[in-house]
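Novice: One structure is given below, represented as structure tokens, and several questions about it will come after.
Taken together, the values in this text are just the output of simple stated rules run on the coordinates, not laboratory data. Since the structure is predicted, the reported quantities are computational estimates derived from the model, not experimental observations. Counting neighbours? That spans all protein chains shown, and the Cβs are built from the backbone with ideal geometry, glycine included.
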Amino acid sequence: MSDLLTVVDHPLVQHKLTLMRRVETSTGQFRTLLREISHLLAYEVTRDLPVVEVPTETPMGPMQAPQLDGKKLALVSILRAGNGLLDGVLDLIPSARVGFVGLYRDEETLQPVQYYCKLPDALEERLVIAVDPMLATGNSSAAAVDLLKEAGARNIRFLCLLAAPEGIARMQEAHPDVPIITASVDEKLNEQGYIVPGLGDAGDRMFGTK
Ligand code: URA
């Protein structure tokens, strides 16, 4: 993937995102929409994966048919909101290896604090897709990518639903080699580090917490 920033402007993605933003959208609807949108984003983030032609027997005879090449890719969910995107991406890539990075945001400093990290092996040989719906300050995203690189990952993409310009700048400064794929670049962050207009707290909205 050569573009450092891809905004997926497909009408279905944009329509579903609008429904997700609405304050009246219920937890159940939000989760369903996130899963659906994850499928469409997964399609985009994997569109240039290498394939190899393999001998294949159809009921009509033999052919050379394409299948995904290389080692199984790794999906890494940045907890907890990342799990909402993870499930949908896994629907499309069920054999992917899965890792989790737990970071919470210190509400005063807005800095990430790590509390969990479990990653698949041989990250250096895999395409690693880090997933987190909200690229806000970029602090936890950049810290999560630091962890992935420390674990050996060399080919990383960052998949989110919404991004703030501040978060994109932070990520591109810290990790200029990591393409970002998002459905929207919103206007700004507020003083609490929330994306405006955004959709609120993605974790709370998908899990029904406050
Ligand atoms: N995390 C969220 O869930 N929402 C934001 O707007 C920013 C960070």
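Novice: Quick check on residue 38: is it among the small types (Gly, Ala, Ser) and part of a loop (DSSP other than H, G, I, E, B)?
Specialist: Details: among the small types (Gly, Ala, Ser): yes; part of a loop (DSSP other than H, G, I, E, B): no.
When the stated conditions are applied, residue 38 does not pass them.
Novice: May I ask you to list pairs of residues, at least six apart or on different chains, whose Cβ atoms are under 8 Å apart, with the first in region 103-114 being more than 18 Å from residue 82 (Cβ to Cβ) and the second being more than 13 Å from the ligand (Cβ to nearest atom)?
Specialist: 106/113
Novice: Looking at 49, 4, 33, 12, which one is buried (at least 16 other Cβ atoms within 10 Å of the Cβ) and either in contact (Cβ under 8 Å) with a residue 24 or more places away in the chain or closer than 16 Å to residue 134 by Cα (or both)?
Specialist: That would be 33, the only listed residue that is buried (at least 16 other Cβ atoms within 10 Å of the Cβ) and either in contact (Cβ under 8 Å) with a residue 24 or more places away in the chain or closer than 16 Å to residue 134 by Cα (or both).
Novice: On to the next question. Evaluate region 86-95: report whether one residue or more is within 16 Å of the ligand (Cβ to nearest atom), surrounded by 18 or more Cβ atoms within 10 Å (Cβ to Cβ), among the β-branched types (Val, Ile, Thr) and in contact (Cβ under 8 Å) with a residue 60 or more places away in the chain. Walk me through how you get there before you give the answer.
Specialist: Here is the first cut: in region 86-95, the residues within 16 Å of the ligand (Cβ to nearest atom) are 86.
Subsequent filtering for residues that are surrounded by 18 or more Cβ atoms within 10 Å (Cβ to Cβ) retains 86.
If we keep only those that are among the β-branched types (Val, Ile, Thr) as well, we get none.
Within region 86-95, none of the residues are within 16 Å of the ligand (Cβ to nearest atom), surrounded by 18 or more Cβ atoms within 10 Å (Cβ to Cβ), among the β-branched types (Val, Ile, Thr) and in contact (Cβ under 8 Å) with a residue 60 or more places away in the chain.
Novice: Being touching a Cys at 6+ places or on another chain (Cβ under 6 Å), free of Cβ contacts under 8 Å to residues at least 60 places away in the same chain, acidic (Asp, Glu) and closer than 23 Å to residue 44 by Cβ: is that true of residue 132 here?
Specialist: Judged against the criteria, residue 132 is a match.
Novice: Moving to a separate point now. Residue check: is residue 147 in contact (Cβ under 8 Å) with a residue 40 or more places away in the chain and either within 12 Å of the ligand (Cβ to nearest atom) or in contact with a Cys (Cβ under 8 Å, 6 or more places away or on another chain) (or both)? First the steps, then the outcome.
Specialist: Working: in contact (Cβ under 8 Å) with a residue 40 or more places away in the chain: yes; either within 12 Å of the ligand (Cβ to nearest atom) or in contact with a Cys (Cβ under 8 Å, 6 or more places away or on another chain) (or both): yes.
Yes; evaluated as a whole, the condition is true for this residue.
Novice: Here's a follow-up. How many residues does region 12-29 contain that are part of a helix (DSSP H, G or I) and more than 21 Å from residue 187 (Cβ to Cβ)? Please lay out each step first, then the result.
Specialist: Going through region 12-29, the residues part of a helix (DSSP H, G or I) turn out to be 12-21, 27-29.
From what's left, more than 21 Å from residue 187 (Cβ to Cβ): 12, 27-29.
So the count comes out to 4.
Novice: Please tell me if residue 170 is in contact (Cβ under 8 Å) with a residue 12 or more places away in the chain, closer than 13 Å to residue 76 by Cβ and not aliphatic (A, V, I, L, M). Before the answer, list the steps.
Specialist: Numbers: in contact (Cβ under 8 Å) with a residue 12 or more places away in the chain: yes; closer than 13 Å to residue 76 by Cβ: no; not aliphatic (A, V, I, L, M): yes.
Considered against the rule, which asks whether it is in contact (Cβ under 8 Å) with a residue 12 or more places away in the chain, closer than 13 Å to residue 76 by Cβ and not aliphatic (A, V, I, L, M), residue 170 comes out as no.
Novice: Could you tell me how many of the residues in region 156-210 are more than 12 Å from the ligand (Cβ to nearest atom), within 17 Å of the chain's Cα centre (by Cα) and closer than 29 Å to residue 120 by Cβ?
Specialist: Matching residues across region 156-210 total 17.
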